[in-house]
Amino acid sequence: MASPIRWRSPLRGPWLTSVLGSVLLVSMPIVIVTGLLSYVAYGEQARPADVGWLHLPTFDWPTDPSWLFRLTQGLHVGLGLVLMPVVLAKLWSVIPRLFVFPPARSVAQALERLTLLMLVGGLLFEIVTGVLNIQYDYVFGFSFYTAHYYGAWVFVVGFVSHVALKLPTMVRSLRSGSLREELRTRRADTTPEPIDPEDPDSLVPTDPDAPTMSRRGLFALVGGGSLLTFALTAGQTIGGPTRQLALLLPRGLDSGDGPNDFPVNKTADAAAVDAASTGSSWRLSLEAGDTTVTLDREQLLDLAQHTAVLPIACVEGWSTTQTWTGVRLRDLAAQVGLAEPTGAYVESLQEKGAFKAADLNAGQVTHDDALLALQVNGVDLSLDHGFPARIIVPAMPGVLNTKWVASIRFEGA
Amino acid sequence: MASTTGTRWSRAYGASGWHLVLMLASLALVGYVVATVGLDALWDPDVWWQSMAVWFVGAVVLHDLVLFPVYALADRLLARRRAGSTARVPLVNHVRVPTLAAALTFLLFFPGILRRGGDTYANATGLDQDQDPFLVRWLLLVLAAYLLSATLYAVRSVRARRRPRAATDLPGSP
């Protein structure tokens, strides 16, 4: 290959790149689709709001199974992190191509370089913004939602065109070697891949060093990196005793043993909600058409109470399952004369912020376990968890489960 | 006739016609994405380095022209040491593996380790603890990785010394 650099690793070659590529070919679509599903799950609250044609077909986000968003978003964040070693190894395996001179010998190659910039730039941009977001480091200054959403589309375009171009090469290269054979080959017996005389840009080095690692050693290294990442992140989604394994993530920290000691995504302090506005003067306003009913907390507690064990799952990938008790949303709709509500608009006492209100779809209002929760794990909600009352609906993205509810306007005939 | 046209075309362009269609379709789609985001959102004239466009290109530059050269050079220095060594068990991977584990965990979790986030972190989590535990935990994790690797190296070295020299895995053997 025409390159000013001498590439030394005897492991590089189309077969190795194709093995790493095939792992990403299978797993990346899961990260992409779960990410786009998250946009659908946010419904009316999806950000950025107007994305033209750049979204999946929209549908009412379901309420069954209750762990649906926990699964999709846990996969999106978790798999995204776990794949980082594979991505880095894949980039390492093809990096000689970056330094080829001249950079392009034809118009076709120049255009292909541009699409590779979409692919690699999009991927790295998504990793960087995602990693910073789940740890609340907003050093980038711009809107995370806008950046991560549109960055994803640039990546998707680069990914699809790269797969369309390289799939035949990948299949051919995979056939040129045997994974089973390679997994039996020790370092001392590891040889470079055969050089294809037809391919002037072959990844196989012309003058390699002796191997310091076998290919199975490299696979073990990459797989081990992914396994380590899994061990250090999965706990924030799976919860229970595994949570403390998420040693280096905020949601792996010990919140305590009390009934209200589980993670929040926003404190009352941050929402500027205080004890005065949530004290005895607090009233819940229920509305439908021209009807308005106002209830205080005692009156809510006198209504039929229902208990449900439901997860609350954050877009950041973490989740926590708790036992919630409160009034069914459809019972509240009945208070204002609506037997069959088709939706609801919930507003919080919180005055500022993107998620101070939320639109609920028909399923989210009428589900048996869709609650205005007053208690959690048998005690009153703490102020940080939304006292005096909060929404909890199965499978709804965490942040849409409005805390410190001030009013609910039901829709329907 | 058709094949002559095809050959002439591919010589001029460098690939088949459908390659060009795919490239143009990709560029058109990304053009649509850029138009939908709006140039205002991509570029912040007040703080240039907080622009999406800068971060997009910056991510590539940081990986390709900083991260890769740094780790390649570090590995080169490590591998060169090995060339003069006569040890029966090569040390190189016993340094590589824990170093990579340290680098990977730092890349993934540096905001917590370096106590970044500040108010945003406190507002979001409301945890009594701040980010203090992360640095110590990470250092312990890295220490454990190096210790484990060193222990394995010691065990392998002892076992190799007990075996006759010919049976060991010498570099350069066929």
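The values are calculated or read from the model by the stated rules, or taken from the named source; none is laboratory data. Treat the numbers as computed from the prediction; the structure is a model and nothing was measured. Here Cβ is always computed from backbone atoms with ideal geometry, including for glycine, and neighbour counts include all displayed protein chains. The area values use the complete protein model at the heavy-atom level, side chains included, leaving out ligands, DNA and RNA. Shrake-Rupley method; radii C 1.70, N 1.55, O 1.52, S 1.80 Å.
The spacing between segment A:94-122 and segment A:204-231, judged by their C-alpha centroids, is 25 Å.
For the Cα atoms of chain A, what angle does the longest principal axis make with the long axis of helix A:68-82, in degrees from 0 to 90, nearest 10? Tilt relative to chain A: about 30 degrees.
Electrostatic tally near A:Q135: other residues with Cβ closer than 12 Å to its Cβ, Lys and Arg +1, Asp and Glu -1, net +1.
At the listed q of 0.10, 0.24, 0.25 Å⁻¹, the Debye profile of segment B:30-128, built from one uniform point per Cα, gives log10 I(q)/I(0) equal to -0.54, -1.21, -1.23. Separation of segment B:113-142 and segment A:135-193 by C-alpha centroid, Å? For segment B:113-142 versus segment A:135-193, the Cα centre distance is 31 Å. Counting protein heavy atoms only, segment B:47-167 has 68 percent of its accessible area on carbon and sulfur, 1.4 angstrom probe. The distance from the alpha carbon centre of segment B:40-105 to that of segment A:343-413 is 45 Å, rounded to a whole number. Looking at chain A, the accessible area is 41 square angstrom per residue; that uses a 1.4 Å probe and ignores ligands, DNA and RNA.
Build a GNM of chain A with springs between Cα atoms under 10 Å apart, and of A:L124, A:L245, A:L88 the one that fluctuates most is A:L88. The convex hull built on the alpha-carbon positions of chain B has an orientation-averaged projected area of 20.1 nm².
Distances longer than 28 Å among the Cα atoms of segment A:14-242: what percent of all pairs is that? Cα-Cα pairs of segment A:14-242 separated by over 28 Å account for 40 percent. Histogrammed with a bin width of 5 Å, the alpha carbon distances of segment A:209-359 distribute as 2, 7, 11, 13, 15, 14, 11, 8, 6, 4, 3, 3, 2, 2, 1, 1, 0 percent, first bin at zero.
Note that segment B:47-167 presents 60 Å² accessible area per residue, ligands and nucleic acids not counted, probe 1.4 Å.
Buried accessible surface for the A/B pair, both sides summed and rounded to the nearest 100, is 6400 Å² with a 1.4 Å probe.
Quantify, in whole percent, the carbon and sulfur part of the accessible surface of chain A (1.4 Å probe; protein heavy atoms only). Heavy-atom surface of chain A belonging to carbon and sulfur, 1.4 Å probe: 59 percent. Gyration tensor analysis over the Cα atoms of segment A:214-274 returns equivalent ellipsoid semi-axes of 35, 13, 7 Å (largest first, whole Å).
With coordinates expressed along the principal axes, the C-alpha atoms belonging to segment A:275-411 extend over 40, 33, 31 Å, beginning with the largest.
Restricting the calculation to Cα atoms, the protein assembly as shown yields a radius of gyration followed by a Dmax of 27.9, 93 Å.
Lysine pair count for the protein assembly as shown with Cα-Cα distance under 22 Å and sequence separation of 8 or more or different chains is 6.
Remark: spin-label model distance A:E351-A:D254 equals 3.9 nm, labels positioned 7 Å along the Cα→Cβ axis. Pairs of Cα atoms nearer than 8 Å and 6+ residues apart set the relative contact order; for segment B:47-167 it is 29 percent. Restricting segment A:1-86 to trypsin sites (Lys or Arg not before Pro) that sit in a DSSP loop and have at most 12 other Cβ atoms within 10 Å of their own Cβ leaves A:R6. When peptides A:288-301, A:126-139 are sorted by average Cβ neighbour count within 10 Å, with the highest value leading, the order is A:126-139, A:288-301. The charge dipole of segment A:275-411, taken about the Cα centre with unit charges on the Cβ atoms of Lys, Arg (+1) and Asp, Glu (-1), comes to about 220 debye, rounded to the nearest 20. Extension gain, A:S281 to A:Q45, is 82.0 nm, computed as 0.36 nm per intervening residue step minus the present C-alpha separation.
Legend: mean number of C-beta atoms from other chains within 10 angstrom of residue C-beta atoms, peptide A:35-44, equals 0.
Placing +1 on the Cβ of every Lys and Arg and -1 on the Cβ of every Asp and Glu, with no other charges, gives chain A a dipole of roughly 1820 debye about its Cα centre. So which residue, out of B:H63, B:H94, B:H19, gets the largest mean-square fluctuation from a GNM of chain B using Cα contacts under 10 Å as springs? Per the Cα network of chain B with a 10 Å cutoff, B:H19 tops the list.
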